[in-house]
Amino acid sequence: MRRLAFFAAGIAAACAVFAAPPASAQTSSTGAGSQSLNADSCAVPAAPPANATLPIFPSGQYPVSLPAVSLLGARNDLPTPYRPGVHWGALPDGRRWSSTAGVTAAPDGTIWALDRCGQAGAAGAGCGASTLDPILQFDTEGRLLKSIGKGLIVNPHKLTIDRAGNLWVTDIGRMPGKGLQVHKFSPNGTELLTLGKAGEPGDGLDGFQAPTEVAVAPSGDIFVTDGHTGGTASPSRIVKFDRSGKPIAVIGKTGMGPGEFDVPHTIAIDSRGRLFVGDRQNNRIQILDQNGRFVAQWFQFGRPSGIYIDKDDTIYVADSESRDGRTNIGISGLPATGYGMNPGARRGIRIGSARDGSVKAFIPDPCPYPYAGASTLAEGVTVDAQGNVYGADVNGTVRKFVKTK
């Protein structure tokens, strides 16, 4: 069984029994968030799993305190110049957020986000036969402006917007004749381009195993990270295309060395044109030039699920998965493969400089450590023109963190 498929299936099953959110769960004052019933559960089941051996910590020893710096150098003790996150994004007709991993700011000041059409967790085909639009546009107060993409995408993963305002959506889902593609849309929702073969996994230049995110260079060149399943079952790599969608090259391969990847989950480009790749299973950001030459690797931002770099080269990195073998529910926090191992790193959003790698601020996950095992807080991240941060949560919400100073 492929490693991440095993892990994601566990999340999806657990999501069905998560505890309901507390009555104190926050919502935004305008465009009130349509969070799922699992959004504030911290991924803790409402009842202990059948194989639990509670309690696993003696009285008075939970929650466990994390160190100031993780074993790989991720800071846990930085200032948090933001208010607590509030649920954001009002969906129509009583619809609630389901699993999501993608959110991004557009040049016109609006915020676009992805929704998996009622699906809980990362694995599945929630949008494949749904009548719901998975791509949603909001103003910064969370009021819905537009929705697009119905029937075109099986399982949306990440959303990128280029300088012209076009939307690039990756689809990690698969069903007959649909999925495993990259879709480019105009701002009004017209489909302009697709990359990859619909519903057909591929290891070459013309197909994907599971495309995770897109970055578009000023030249128009397109970079697609591929390899959501990770491990040796399928390639982890970047596929480069020209502005017309013609494939140019494959960058990297599965591994742990410089220029190698294991679950390249997210990608962004800084003002110098360098590629910042969230090499998630290797717990690092890798920096490459656009020809794939290795520049540097950074561990200080934690285990990267999402990366956003603004025009000033401030980098925002979402860590939704760091964990070790302990949990608060009496079962192992890791699948048998060790997926997610990053001891001592608190989950959250780390903020710093893409120019020198310094980490200056941290929005910590409010869920107590050790975590229940599934992902929590933001898997996707973006920032608006006022410096407010938005995080897309696989447990079914988008949160807004308002900057205080």
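Residue-by-condition table, conditions (1) under 20 Å from the mean Cα position of the chain (by Cα); (2) at positive phi; (3) modelled with pLDDT of 95 or more:
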{"residue": "I153", "(1), (2), (3)": "yes, no, yes"}
{"residue": "H157", "(1), (2), (3)": "yes, no, yes"}
{"residue": "T160", "(1), (2), (3)": "yes, no, yes"}
{"residue": "W168", "(1), (2), (3)": "yes, no, yes"}
{"residue": "G173", "(1), (2), (3)": "yes, no, yes"}
{"residue": "L180", "(1), (2), (3)": "yes, yes, yes"}
{"residue": "H183", "(1), (2), (3)": "yes, no, yes"}
{"residue": "E191", "(1), (2), (3)": "no, no, yes"}
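Taking G121 as meeting all but one of (1) out of contact with any Cys (no Cβ under 8 Å at 6 or more places or on another chain); (2) touching a residue at least 12 places away in the same chain (Cβ under 8 Å), write down the number of the exception.
(1)
Take the residues of region 179-206 that are surrounded by fewer than 20 Cβ atoms within 10 Å (Cβ to Cβ) and either in contact with an Asp or Glu (Cβ under 6 Å, 6 or more places away or on another chain) or charged (D, E, K, R) (or both): which is nearest to A125 (Cα to Cα)?
Across region 179-206, the extreme among qualifying residues is E200.
Among (1) surrounded by 19 or more Cβ atoms within 10 Å (Cβ to Cβ); (2) at pLDDT 95 or above, where does E260 come up short?
For E260, the exception is condition (1).
Can you spot a residue in region 370-393 that is part of a strand (DSSP E or B), farther than 13 Å from A318 by Cβ and touching a strand residue (DSSP E or B) at 6+ places or on another chain (Cβ under 9 Å)?
There is no residue in region 370-393 that is part of a strand (DSSP E or B), farther than 13 Å from A318 by Cβ and touching a strand residue (DSSP E or B) at 6+ places or on another chain (Cβ under 9 Å).
Tell me the residue from G245, G252, G306 that is of a type outside the set (D, E), closer than 22 Å to T160 by Cα, in contact with a His (Cβ under 9 Å, 6 or more places away or on another chain) and at pLDDT 95 or above, please.
It is G306.
Results for (1) buried (at least 18 other Cβ atoms within 10 Å of the Cβ); (2) touching a Leu at 6+ places or on another chain (Cβ under 7 Å); (3) among the charged types (D, E, K, R), shown as yes or no for each residue.
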position	(1), (2), (3)
A354	yes, no, no
F362	yes, yes, no
P368	no, no, no
S375	yes, no, no
V402	no, no, no
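Against the definition (surrounded by 18 or more Cβ atoms within 10 Å (Cβ to Cβ) and under 26 Å from L195 (Cα atoms)), how does I248 come out, yes or no?
no
All but one of (1) out of contact with any strand residue (DSSP E or B) (no Cβ under 7 Å at 6 or more places or on another chain); (2) not small (G, A, S); (3) not in a loop (DSSP other than H, G, I, E, B) hold for P366; which doesn't?
(3)
Pick out the one residue from S358, S353 that is small (G, A, S) and in contact with a Lys or Arg (Cβ under 9 Å, 6 or more places away or on another chain).
S353
The values are calculated or read from the model by the stated rules, or taken from the named source; none is laboratory data. Just so it is clear, the structure is predicted and the values come from calculations on it, not from any experiment. All Cβ positions, even for glycine, are placed from backbone atoms using ideal geometry, and neighbour counts span all protein chains on display.
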